[in-house]
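Sending over a structure as structure tokens; questions will come in a sec.
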Amino acid sequence: MSDSEPTSLRILVTGCAGRVGSAACADLIGAGHHVIGIDIREPDDDPPFDFRLCDLTQEGAIEPHLQGIDAVLHLAAIPAPRLGTPPAIFDLNCSGTFRLFQACADTDVHHVVVASSINAIGYFFGTVPFELDYLPADEDHPKSTSDAYSFSKQITEDIGAYFARREQISNACLRFGAGLAPLAELRLRMGEGLRSARALVEQLVAQTEDEARSEIHRMRSTYDEARRGRTFEGEHRSTLPHAEQRLMSMRQNYFSFVELGEACRAMRLALTTAFEGHHTLFVVDRRNSLALPAQLLARLLYADVAPRCELLGNQALVDWRRATDLLSFDSQISATQVMEP
């Protein structure tokens with residue numbers, strides 16, 4: 001893509017029938033772009049775009065849909081470990097992504113935006129727990145994936161880097177934070193959980209340092225035991241009370257947050273911004289999901305992780321700045337709005 005290209009683009013969206021895909025298509029159409037959507041199943045409602053059935057895992061299936069396309073938004077994927085077998089996850093998330101990029105190279109499409117995941121590091125779903133090297137976590141943090149989904153996102157990013165080197169396909173792999181639903185839905189689904197997790201942190205702060213450390217060690221040990229038992233693959237359930245489970249889950253997601261509309265805006269910016277090469281970007285709100293001092297969260301819940309820099313205010317514990325620098329993306333919706341009654 002170049003700065004001289006027209007404002008209105010022809011954009012192919014894979015996985016257009018999914019929750020995120022349908023929202024992304026609506027956002028792009030609202031911004032005046034022409035959308036062609038492909039999926040292995042038809043959308044639930046009559047789509048306001050050119051819809052086509054396509055299975056990315058089939059040889060030669062994608063090329064006919066790339067004719068005249070300016071950019072691709074690749075969202076087709078199995079989005080969690082328990083939603084598919086490891087081979088099925090690899091087939092779609094990895095092989096399907098490689099086939100898509102190869103087809104783009106063969107048809108001279110040179111701008112691709114891919115949904116990666118905040119889980120590409122392997123910290124949340126992994127069956128082999130490990131601790132972070134530093135805070136705030138950034139896109140260069142080493143990966144240690146031990147579940148098929150997170151591994152597939154690690155490979156997805158490697159595929160993007162490969163095709164940038166080999167075929168000069170400019171691409172961005174977007175690591176979305178937790179949330180990914182409209183604000184009204186998040187208030188119903190997550191509001192109480194956020195409030196209870198924040199209250200639990202405040203209870204821990206009121207304890208002595210030794211008492212709080214002991215409690216957090218207990219929660220982490222129980223949470224990690226469930227992960228080793230492959231809880232996210234549907235085999236073993238955590239025995240933690242709901243509030244403690246929520247707090248540990250938020251910890252493993254770095255207390256990150258992004259609302260769906262804001263994620264869609266980030267995707268649109270990535271599709272319409274001219275850049276070269278491969279870029280992996282965290283797409284998160286610059287504020288942590290509990291709206292608490294970042295130093296407090298780091299000291300209390302990541303006691304063995306050294307901050308790389310001074311943690312200021314209620315900043316996020318993942319680094320949002322690369323998306324801001326490359327795409328001028330800055331989320332306008334925070335988790336504080338989700339916590340409002």
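The values are calculated or read from the model by the stated rules, or taken from the named source; none is laboratory data. Only a predicted model underlies this, so the values are computations on that prediction, with no experimental measurement involved. All Cβ positions, even for glycine, are placed from backbone atoms using ideal geometry, and neighbour counts span all protein chains on display. Surface accessibility is based on the protein's heavy atoms, side chains included, excluding ligands, DNA and RNA. Shrake-Rupley method; radii C 1.70, N 1.55, O 1.52, S 1.80 Å.
Where in region 231-341 are there helices (runs of 4 or more DSSP H), lying wholly inside it, with at least 1 residues that are of a type in the set (Ser, Thr, Tyr)? Outline the logic, then answer.
Details: elements: 242-252, 260-272, 294-301, 321-327, 335-339.
It comes to 242-252, 260-272, 321-327, 335-339.
OK, next. Output the residues belonging to region 51-69 that are farther than 16 Å from HIS111 by Cα and open to solvent by less than 50 Å² (accessible area, probe 1.4 Å).
PHE51, CYS54, LEU56, THR57, GLY60, ALA61 - these are the residues of region 51-69 that are farther than 16 Å from HIS111 by Cα and open to solvent by less than 50 Å² (accessible area, probe 1.4 Å).
Moving on. For region 235-266, enumerate the residues that are under 21 Å from the mean Cα position of the chain (by Cα), closer than 23 Å to PHE151 by Cβ and surrounded by fewer than 19 Cβ atoms within 10 Å (Cβ to Cβ).
SER249
Then there's this: Only one of (1) polar (S, T, N, Q); (2) within 20 Å of GLU59 (Cα to Cα); (3) touching a Ser or Thr at 6+ places or on another chain (Cβ under 8 Å) is not met by SER117, so which one is it?
(2)
Tell me, which residue of region 310-341 that is of a type in the set (Asp, Glu) and open to solvent by 90 Å² or more (accessible area, probe 1.4 Å) is modelled with the highest pLDDT?
ASP325
How many of the residues making up region 139-178 are open to solvent by less than 20 Å² (accessible area, probe 1.4 Å) and within 15 Å of the chain's Cα centre (by Cα)?
Total satisfying the criteria: 13.
Here's the yes/no breakdown for (1) in a loop (DSSP other than H, G, I, E, B); (2) in contact (Cβ under 8 Å) with a residue 60 or more places away in the chain:
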position: HIS141; (1), (2): yes, no
position: TYR149; (1), (2): no, yes
position: ALA161; (1), (2): no, yes
position: ALA164; (1), (2): no, yes
position: LEU174; (1), (2): no, yes
position: GLU192; (1), (2): no, no
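How many of the residues in region 91-133 are farther than 28 Å from GLU235 by Cα, among the acidic types (Asp, Glu) and not in a helix (DSSP H, G or I)?
The total comes to 2.
Anything in region 28-46 that is over 21 Å from ASN93 (Cβ atoms) and buried (at least 19 other Cβ atoms within 10 Å of the Cβ)? List them, or say none.
Correct list: LEU28, HIS33, VAL35, ILE36.
Given the conditions (1) in contact with a Cys (Cβ under 8 Å, 6 or more places away or on another chain); (2) within 18 Å of ASP285 (Cα to Cα), which single one is not true for PHE176?
Checking PHE176 against (1) in contact with a Cys (Cβ under 8 Å, 6 or more places away or on another chain); (2) within 18 Å of ASP285 (Cα to Cα), the one that fails is (1).
Scanning for something part of a helix (DSSP H, G or I), open to solvent by 30 Å² or more (accessible area, probe 1.4 Å) and under 30 Å from ALA24 (Cβ atoms), does region 194-216 turn up at least one residue?
The answer is yes, given that some residue of region 194-216 is part of a helix (DSSP H, G or I), open to solvent by 30 Å² or more (accessible area, probe 1.4 Å) and under 30 Å from ALA24 (Cβ atoms).
Here is a list: PRO86, PRO81. Which entry is open to solvent by less than 50 Å² (accessible area, probe 1.4 Å) and either of a type in the set (Val, Ile, Thr) or within 28 Å of SER256 (Cβ to Cβ) (or both)?
Values: PRO86 fails: open to solvent by less than 50 Å² (accessible area, probe 1.4 Å).
Result of the check over PRO86, PRO81: PRO81.
Residue under question is ARG227, and the condition is that it be part of a helix (DSSP H, G or I) and modelled with pLDDT of 95 or more; does it hold?
The answer is no for ARG227.
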